Structure formats: structure tokens, C-alpha cells
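Structure record follows, encoded as C-alpha cells.
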Amino acid sequence: QGMNFIAALFLMVMDDEETAFWMFVSVMNEDVYNLRELFVRDMAGTQEVLYVAERLIEQFLPRLFEHFQLQNVQMSMILTPWLMTIYTRNFPFELVLRVWDSFLVEGWKVVYRTMLALLEHAQPALLQLEFEEIIMYLREFTSTVDGPNIMMASLKISLRRKHILKYVAEWKGLSEKGETRKVDTGVFNRLNTRGSEVVSSMGFGSFVDT
């Protein structure tokens, strides 16, 4: 469901497998990261992350949000592989390393800020496209972004922790009332299948089923 990409990243950048393993355990379980909640059976953590992301796009990129609504583009179609793997799935390695360097220090604020910078960068083109063209554009876009420029742009976005906490509280309130919508699990299944193929090809087969 995406853990394989994260495990593979640690195996590539750490000196040995034991260190990679304990880093993986840390980001899965420590409160500041809590990635484990993204992968539990009901996907509660992922649903919360996607809700917060959608509300942040509505706040910081209202024109793009409205365009996606008009084109019936569900945010989960775009953001699930980005956020569930913290960009390790199909973004340039240079961007991935910069995001993770900051994520390990600052937590989820970095992930959302990077998402906004990526969409802001793509916004002029996306506003001219219709549904199928948007999906195809973003498939190509992820592998061509300039990591340093995106990270510099992300620092100019006035995202604050209070914005994130506000939408987390909103989500929890909706959850208690049973008013939240479920994430399309087909997205996760497709992500996991492709992830297994990619990570296996890198020689990390034992981690594919982590």
C-alpha cells in the first residue's frame, strides 16, 4: 500500500539495513510522523490526510480547486500516491531527498507545503485542461519537476500549523458524526501492485510485503 517505497528509500540512503529498519519503525510509529495510520485497515489516517490536503487546496489555490470541481477531478485520484508515500513513488530523487530531510524535522507541514507548491507550479497549465487531460498531464508532471525550485517555492507559501490543526479538527468532528466519505480503495490497490514491481526491480524484494 505504499510502505515499500518508503522502505526502499531508507535502504538506499542509510549505511546498513538495520539503521534503515529502525528509521522505518520510527516514522511509522512516532507521533510527529505517525505514518502507520496511513496503512491501517480502514485507511483512517489516509482519509484524514486527504481531507486536510483538499481543504488546504481550497484555501490556498481556490481557482484550481474550483476548476477541479467543475471537471469532476477527485483529489484522491491525484494526491493519494503523492501523500501516502511522501513523494517517494514517482518524483525525482532530488525532490524526494529534500522533502524527507525537512519532513524528519518538521513533520507533515512540509508534506502539505510541498503539495501546494507542486500544484501552484502546475496551475497555469491545469486551468486550461479538461478531466482526462488533467490526469495525463499530472502523470508526466511528477517526473519532470525541478526539486530545488519546488522546495524554494514551498517556503513562500504562508501555510501555518494552525491551518492544518483546524482542518484535522474539522475532519474529526465530521468523523464523529459519520459524515466523512470513504477513500477509493482501488487507488491503493493499483499503487501497491505497481510499488511491488518497482521495489522488486531495485533488489529490495524482502521489503515489498512489509
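The values are calculated or read from the model by the stated rules, or taken from the named source; none is laboratory data. Since we're looking at a predicted model, the values are computed, not measured. Backbone-built Cβ (ideal geometry, glycine too); neighbour counts: all protein chains shown. Surface areas here come from the heavy atoms of the whole protein model, side chains and all, with no ligands, DNA or RNA. Shrake-Rupley method; radii C 1.70, N 1.55, O 1.52, S 1.80 Å.
The table below lists the values:
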quantity: Check on Ser154, surrounded by fewer than 14 Cβ atoms within 10 Å (Cβ to Cβ) and within 17 Å of the chain's Cα centre (by Cα); calculated: no
quantity: The listed residue being buried (at least 16 other Cβ atoms within 10 Å of the Cβ), among the β-branched types (Val, Ile, Thr) and more than 30 Å from Leu127 (Cβ to Cβ), out of Val27, Val13; calculated: Val27
quantity: Those residues of the range 13-33 which are among the hydroxyl-bearing types (Ser, Thr, Tyr) and in a loop (DSSP other than H, G, I, E, B), in sequence order; calculated: Tyr33
quantity: Residues of the range 34-49 satisfying the condition of being β-branched (Val, Ile, Thr) and either at positive phi or in a loop (DSSP other than H, G, I, E, B) (or both); calculated: Val40
quantity: Count of residues meeting criterion [open to solvent by 50 Å² or more (accessible area, probe 1.4 Å), free of Cβ contacts under 8 Å to residues at least 60 places away in the same chain and either on the phi > 0 side of the Ramachandran plot or more than 17 Å from the chain's Cα centre (by Cα) (or both)] in the range 56-87; calculated: 5
quantity: The range 157-173: number of residues that are open to solvent by less than 40 Å² (accessible area, probe 1.4 Å) and either under 19 Å from Phe91 (Cα atoms) or in contact (Cβ under 8 Å) with a residue 60 or more places away in the chain (or both); calculated: 7
quantity: Considering residues of the range 125-145 that are at pLDDT below 95 and open to solvent by 90 Å² or more (accessible area, probe 1.4 Å) only, the residue farthest from Phe91 (Cα to Cα); calculated: Glu132
quantity: Which listed residue, of Leu38, Leu95, Leu70, is modelled with pLDDT under 95 and either more than 19 Å from Ser158 (Cα to Cα) or among the acidic types (Asp, Glu) (or both); calculated: Leu38
quantity: Test set (1) part of a helix (DSSP H, G or I); (2) farther than 20 Å from Glu120 by Cβ; (3) of a type outside the set (Phe, Trp, Tyr); (4) open to solvent by 70 Å² or more (accessible area, probe 1.4 Å) - Ala8 fails condition number; calculated: (4)
quantity: Matching residues in the range 37-53 - criterion: being open to solvent by 30 Å² or more (accessible area, probe 1.4 Å) and under 14 Å from the mean Cα position of the chain (by Cα); calculated: Glu37, Glu48, Tyr51
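Per-residue answers, yes or no, for (1) in contact with a Lys or Arg (Cβ under 7 Å, 6 or more places away or on another chain); (2) loosely packed, with under 13 Cβ neighbours inside 10 Å:
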site: Val105; (1), (2): no, yes
site: Trp108; (1), (2): no, no
site: Ala117; (1), (2): no, no
site: Gly147; (1), (2): yes, no
